[in-house]
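The values are calculated or read from the model by the stated rules, or taken from the named source; none is laboratory data. Just so you know, these numbers come straight off a predicted model, no measurement behind them. Note that we place each Cβ from the backbone using ideal geometry, even for glycine, and neighbour counts take in every protein chain shown.
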Amino acid sequence: MNRSITALAAVSASLFACVAFASTNSYQVPEKFQRFDAASNFQIKYGDVDAILNTMVVDVGRSSREKADESTAKTGTRMKTKVKRDTAKEGNRFFFEEFQKNEDYRAMLRSVRQSLEIIPEQVPLESFNRKEQLAYWLNLYNITMLDQLVQIYPERDLKKELNGKKSILEQKVLNVSGESLSLNDIQTILATNYGRDPLHLYGLYQGIVGGPNIRQKAYTAENVQRYLQDNAEEFVNSNRGTQDNDGKFEVSTYYERNANYFPDWDEDLKQHLMRYIEGPERAGLQAANTLRADINDWTVTDVYGTMNTIGGSFTDSKAAMMDAVQTQQQGPDGGASGQVSGNMSVASSMVISKTPSPNRFSPEVLTHLDALKEQVEMRNLSKEGTVTIEEMGQAEDAQSAESTEEDPED
């Protein structure tokens, strides 16, 4: 009888995972998102993302696995709200409250999201190495998630918003290099380009207490592996991730929703968790033959009133955040822009879709681009449309050839 129940549970979990990811798996990743340049040293800078995360994210630290008191659900004059005592004290928080009635903040967040979207229009993703691409996709995913959540806040229970065909994960709200993308599409891109590496799951912020942490800094090629490792260790060693209850080892339903990362559910997930788990739960996991996906907390990761105790320093930080984002976003035409730096050997194959911003490229690259662009315009005054770096490179080759003709060999 017990074996039948266990088998039925396993089948149900597999069916659930298949349904949950049917739409994700149907997305065909275009070739332009699969190519990369292993030798590239081009870097994307995320000063605007850092400004938002450093100001608005509250790092609560590692879990002590301590349960919250029932009374802690009451904050200020708010009504007492149901909380999951096992997980209520865990997970980094975001000041969604600050965006609820502040149109300037919502516009700022949307601007940052849009600035990330247009990066591949100025510098094709294939010009970056794999780590740089990974950081880009994770940052775009997380900022887009925040942008979506501030629009529905103060919705507290996000279970409906994160499940089903009408989920915010399924909405194609992004346009990257002419491709309409959803958050699930980004996850499919990662799975296609890197294989289904479970470590990447910890970089996909879900907006809920029962998911991986949102960090106080953006991902970069330099920190992405370290940050993902840290997120994995934090989540696995929290009540949100794992619990050993009377010999029954329970795991987060986040793993179940991503069951295609663990084809042999019990064995693959167990091996994954054993890499990170510590404390007495490690022995419980080691002894477990079956992992039950019973842990969830769909509560939004807001702060609920604690901003009132932070005082003036938080107000100063918010002002500094706005200044930092506006500085980062301001291009030569007043439009949004990110930052990219690198060498011209890689740039020779890129396409520039608009006037490059000083916040996008390093000064040396801009100087070189301006000189080549002027050369192209002088050679082809009647041509209309966008000037590409490839054309600039051809102009540079032509200049070299003309110089050779003027100075023949002895």
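Laid out as a table, the results:
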read-out	value
From Tyr227, Tyr205, residue being within 28 Å of Ile277 (Cα to Cα), of a type in the set (Phe, Trp, Tyr) and in contact (Cβ under 8 Å) with a residue 60 or more places away in the chain	Tyr205
Selected residue (only one of Leu125, Leu116 is over 22 Å from Asp297 (Cβ atoms) and surrounded by fewer than 23 Cβ atoms within 10 Å (Cβ to Cβ))	Leu125
Sole exception among (1) farther than 28 Å from Ala288 by Cβ; (2) surrounded by 21 or more Cβ atoms within 10 Å (Cβ to Cβ) for Lys217, by number	(2)
Scan of the range 272-295 for residues that are farther than 19 Å from Glu256 by Cα and in a helix (DSSP H, G or I), ordered by number	Pro280, Glu281, Arg282, Ala283, Gly284, Gln286, Ala287
Within the range 220-243, considering residues that are among the β-branched types (Val, Ile, Thr) and more than 13 Å from Pro198 (Cα to Cα), the one surrounded by the fewest Cβ atoms within 10 Å (Cβ to Cβ)	Thr220
Complete set of residues in the range 147-205 that are surrounded by fewer than 21 Cβ atoms within 10 Å (Cβ to Cβ), in contact with a Gly (Cβ under 9 Å, 6 or more places away or on another chain) and part of a helix (DSSP H, G or I)	Gln148
Among the residues listed as Gln225, Gln271, Gln229, Gln216, the single one being assigned by TED's automatic domain parsing to the domain that holds Ile189 and farther than 18 Å from His200 by Cβ	Gln216
